[in-house]
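Structure first, then comments.
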Amino acid sequence: MEILLWLLLPVAAASGWWMAQYSQRKSKAGSRARLNSAYGRGLNHLLNEEPDKATEVLIQMVEVDPDTVELHLALGSLFRRRGEVDRAIRVHQNIIARSRLSKALRSQAMLELGRDFLKAGLLDRAEQLFQILLDRSEYEKDVCLHLIELYQQEKEWGKALVIGARLVDLDSGVWKLRLAQYHCELGEAALDKEALDRVLDEAELAQQDDPDCVRATLLKGSVLQIRADYRAAIATYQCVEAQNADLLPEVMSEIQACYARLDDTKGWENYLDALVARHSYLVFFQKNLVDRKAQSQAEQQARYRCEKCGFTSRKLFWQCPGCQGWSSVKPIKAGNAE
């Protein structure tokens with residue numbers, strides 16, 4: 001009997017271990033089933049653009065499996081998306097604080113935390129995290145795009161040029177145009193300080209990136225006017241016709257002023273007649289530009305519209321205040337019917 005008991009002990013132990021494993025597998029299967037179900041519901045809410053409901057589902061999933069970093073990353077992103085930036089920051093900071101986190105997940109959490117800081121307006125903290133990732137060449141395109149946004153907000157155009165140069169290789173056409181605008185921003189700042197040589201340098205750099213940059217032409221013309229080189233200013237302003245004829249109204253009054261300083265009324269009239277012959281919509285300006293009262297009324301009625309978002313204004317913006325697009329605000333040719 002005693003021998004039988006000794007023989008049964010290993011069997012009982014094995015049976016106990018098997019039952020424990022079976023129970024554990026059953027529990028894990030149940031957890032996986034609940035997670036899969038919650039994942040499906042959360043994905044459905046996201047596809048239906050219901051971030052609040054998706055967040056509620058993710059919170060439930062995190063409670064079921066609190067060790068899954070990916071769930072916490074998704075939850076933090078959803079918090080940020082629905083405006084709860086403080087909660088998003090806490091979630092992503094908690095992830096980074098984990099001691100056994102893989103390098104890849106830590107970098108991803110840093111990127112998300114940088115996005116949190118950027119949305120919260122904590123630009124210094126965001127820049128610090130993005131710069132660490134950039135130094136490691138991790139998430140380079142995303143990080144560069146975020147840094148460009150940050151530097152535009154801070155009007156750090158020199159830093160924006162450095163980051164923009166890294167993006168030229170990704171899409172040179174778009175980013176070369178953007179770099180030209182950054183040079184013009186620096187040129188306008190120099191013009192305010194009467195650093196005229198610096199203005200010309202920045203305008204030249206802008207047109208190396210974008211030969212059709214009207215803004216750079218206007219900067220060059222302004223410097224030549226200030227220096228009383230009116231013939232050169234006229235020739236510079238006249239380049240706008242070849243660069244973008246739609247923006248001719250932006251320089252016509254300046255050209256007229258230069259001819260006036262030269263006491264060359266006939267030269268102005270001949271130029272204007274030739275210009276109208278090539279661009280019929282300028283008939284309105286030909287009729288009214290010499291009449292100060294009519295000119296003032298025309299300026300008050302002038303409208304500009306962004307080709308991307310439809311933003312309208314009386315003033316020409318080089319960067320649309322609505323969608324932040326560059327060079328997308330164009331004149332509405334309101335004088336066609338005149």
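Read-outs throughout are calculated quantities, based only on the coordinates presented, and are distinct from any laboratory measurement. What you are looking at is a predicted structure, and each value in this text was computed from that prediction instead of being measured. Here Cβ is always computed from backbone atoms with ideal geometry, including for glycine, and neighbour counts include all displayed protein chains.
For the reader, a short list of remarks on this structure follows.
- Inter-centroid distance (Cα atoms) of region 169-204 relative to region 66-120, Å: 37
- In terms of Cα atoms, the Rg and Dmax of region 138-264 work out to 16.4, 62 Å.
- Shown for H146, H279: other C-beta atoms within 10 Å of each C-beta, ranked fewest to most, produce the order H279, H146.
- Remark: region 67-153 projects, on average over all directions, an area of 5.3 nm² (convex hull of Cα atoms).
- Among I148, I96, a tally of other beta-carbon atoms within 10 Å of each Cβ gives an order, fewest to most, of I96, I148.
- Our coupling estimate for region 130-142, obtained by passing each phi through the Karplus curve with A = 6.51, B = -1.76, C = 1.60 and θ = phi - 60°, is 5, 5, 4, 5, 5, 4, 8, 6, 10, 6, 4, 5, 4 Hz, Gly and Pro reported as x.
- FRET efficiency, D192 to N94 (Cβ-Cβ, R0 51 Å, nearest 0.05): 0.65
- Legend: ranking of residues D116, D86 from fewest to most surrounding C-beta atoms inside 10 Å; resulting order D86, D116.
- Across all directions, the shadow cast by the convex hull of region 155-227 built on its C-alpha atoms averages 4.5 square nanometres.
- Remark: for residue pairs K193/K266; K266/K315; K119/K193; K141/K308, the C-alpha separation exceeds 27 Å in K193/K266; K266/K315; K119/K193.
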